[in-house]
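Engineer: I'd like to ask you about the structure that follows.
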Ligand SMILES: [Zn+2]
């Protein structure tokens, strides 16, 4: 008897059998694949591919720093219950191997950057590969493959979700390329203390210039500001993203003396919560493009 026939039989005839069929529905809900993603961007990819067949938990939540995360005891429990643990790799989650080991679970660890050729950040691999949308498509392919291996019966569902999501990423990638092409090549640079945009820079041809001799950790001194101003003028940098400068008067001084535009926040390693500017990966990239576009558009650089 096929499932459809069985259902007709139940509905038409026996209430007791129908009740049995009804109990299958919550069982089906329990079959969701339990996934733990190390940080919010991977969690978003996993949800897009897994849809309602997965239950995704993210360890490092919105607005938190994945580089220096200290796992909580509850995290080991989440991993113990998971079927898949999705990580970025490339040295991003140094705190994670010990957590997986201590959890005592049987989760398969999926490295989402498999098949991506890493760039260097200093002497190490640069972990921020997701900042190239082309790489994000590889993340999605790896996650789709891992989900299909974990639940072969749903492979077609995951494949088609991944395909639909990759089409959106293709559109986003095109959007960035069209925008960059519209900027005169000598103006394709911003000064920034972010070190997370190496893949974006190399994929799309926008230069991220680090402020010379300025710590990215602390508030710059008056002398630092003077040297940043000189650097912006000398290198003719149209836009400024210096989020470690919290004093608006210093930012106004940089803008007034250089003619460079002060950009807003760029999101690199974390999504925001639902109410923020970047609740999804696609929102995050769009937000960053908008911030860079408006900063690059209006700048009227002063001569040195
Ligand atoms: Zn980072």
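The values are calculated or read from the model by the stated rules, or taken from the named source; none is laboratory data. Remember, it's a predicted structure, so these values are computed and weren't measured experimentally. Cβ atoms come from the backbone with ideal geometry, glycine included; neighbour counts cover every protein chain shown.
Engineer: Here's a check for you: in region 58-76, which residue that is more than 12 Å from the ligand (Cβ to nearest atom) and crowded, with 17+ Cβ neighbours inside 10 Å is nearest to residue 281 (Cα to Cα)?
Structural biologist: Checking each candidate, the answer is 62.
Engineer: List the number of the failed condition for residue 269; all other conditions in (1) more than 17 Å from residue 204 (Cβ to Cβ); (2) free of Cβ contacts under 8 Å to residues at least 12 places away in the same chain; (3) within 22 Å of the chain's Cα centre (by Cα) hold.
Structural biologist: Every condition holds for residue 269 apart from (2).
Engineer: I've got another one for you. Just to be sure before I move on: is residue 161 part of a helix (DSSP H, G or I), over 27 Å from residue 234 (Cβ atoms), within 15 Å of the ligand (Cβ to nearest atom) and in contact (Cβ under 8 Å) with a residue 40 or more places away in the chain in the structure I sent? Working first, answer last.
Structural biologist: Numbers: part of a helix (DSSP H, G or I): yes; over 27 Å from residue 234 (Cβ atoms): yes; within 15 Å of the ligand (Cβ to nearest atom): no; in contact (Cβ under 8 Å) with a residue 40 or more places away in the chain: yes.
Answer is no for this residue.
Engineer: Step by step: first the residues of region 100-126, then only those that are in contact with a strand residue (DSSP E or B) (Cβ under 7 Å, 6 or more places away or on another chain) and more than 14 Å from the ligand (Cβ to nearest atom), then the one that is nearest to residue 203 (Cα to Cα). Which residue is that?
Structural biologist: Start the filter on region 100-126 by keeping residues that are in contact with a strand residue (DSSP E or B) (Cβ under 7 Å, 6 or more places away or on another chain), which leaves 100, 107-112, 118, 126.
In the following step, the residues that additionally are more than 14 Å from the ligand (Cβ to nearest atom) were identified as 100, 107-112.
Values: 100: 33, 107: 33, 108: 31, 109: 28, 110: 25, 111: 21, 112: 19 Å.
Looking at the filtered set, the residue picked out is 112.
Engineer: Taking region 248-270 only, how many residues are more than 16 Å from the ligand (Cβ to nearest atom), buried (at least 16 other Cβ atoms within 10 Å of the Cβ) and in a loop (DSSP other than H, G, I, E, B)?
Structural biologist: 3
Engineer: Evaluate the following for residue 105: is it assigned to a loop (DSSP other than H, G, I, E, B), within 20 Å of residue 43 (Cα to Cα) and at pLDDT 95 or above?
Structural biologist: Against the criterion (assigned to a loop (DSSP other than H, G, I, E, B), within 20 Å of residue 43 (Cα to Cα) and at pLDDT 95 or above), residue 105 does not qualify.
Engineer: Output yes when any residue across region 32-41 is assigned to a helix (DSSP H, G or I) and either within 16 Å of the ligand (Cβ to nearest atom) or at pLDDT below 95 (or both), and no when none is.
Structural biologist: Yes: region 32-41 contains one or more residues that are assigned to a helix (DSSP H, G or I) and either within 16 Å of the ligand (Cβ to nearest atom) or at pLDDT below 95 (or both).
Engineer: Same structure again: Residues 20, 70: which one is closer than 30 Å to residue 137 by Cα and modelled with pLDDT under 95?
Structural biologist: On the way: 20 fails: closer than 30 Å to residue 137 by Cα.
After applying the criteria, what remains is 70.
Engineer: Only residues that are closer than 19 Å to residue 263 by Cα and either without any contact (Cβ under 8 Å) to a residue 24 or more places away in the chain or in a helix (DSSP H, G or I) (or both): list them for region 194-203, please. Full working, then the answer.
Structural biologist: So the first thing to find is which residues in region 194-203 are closer than 19 Å to residue 263 by Cα, and the list is 194-198, 200-201.
Result: 198, 200, 201.
Engineer: Give the residue, chosen from 228, 245, 191, that is part of a helix (DSSP H, G or I) and either touching a residue at least 40 places away in the same chain (Cβ under 8 Å) or more than 21 Å from the chain's Cα centre (by Cα) (or both).
Structural biologist: 228
Engineer: Among the candidates 134, 153, 129, which residue alone is within 21 Å of residue 195 (Cβ to Cβ) and away from the ligand (no atom under 16 Å from the Cβ)? I'd like the intermediate steps shown before the answer.
Structural biologist: Numbers: 153 fails: within 21 Å of residue 195 (Cβ to Cβ); 129 fails: away from the ligand (no atom under 16 Å from the Cβ).
Among 134, 153, 129, only 134 is within 21 Å of residue 195 (Cβ to Cβ) and away from the ligand (no atom under 16 Å from the Cβ).
Engineer: Please state which of the following conditions residue 212 fails to meet, knowing it meets all the rest: (1) away from the ligand (no atom under 16 Å from the Cβ); (2) crowded, with 16+ Cβ neighbours inside 10 Å; (3) assigned to a loop (DSSP other than H, G, I, E, B); (4) free of Cβ contacts under 8 Å to residues at least 60 places away in the same chain.
Structural biologist: For residue 212, the exception is condition (2).
Engineer: Same structure, new question: Does any residue of region 222-236 turn out to be crowded, with 20+ Cβ neighbours inside 10 Å and within 16 Å of the ligand (Cβ to nearest atom)?
Structural biologist: Scanning region 222-236, I find no residue that is crowded, with 20+ Cβ neighbours inside 10 Å and within 16 Å of the ligand (Cβ to nearest atom), so the answer is no.
Residues checked against (1) part of a helix (DSSP H, G or I); (2) in contact (Cβ under 8 Å) with a residue 40 or more places away in the chain; (3) within 12 Å of the chain's Cα centre (by Cα):
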{"position": "45", "(1), (2), (3)": "yes, yes, yes"}
{"position": "52", "(1), (2), (3)": "yes, no, no"}
{"position": "63", "(1), (2), (3)": "no, yes, yes"}
{"position": "75", "(1), (2), (3)": "yes, no, no"}
{"position": "78", "(1), (2), (3)": "yes, yes, no"}
{"position": "98", "(1), (2), (3)": "yes, no, no"}
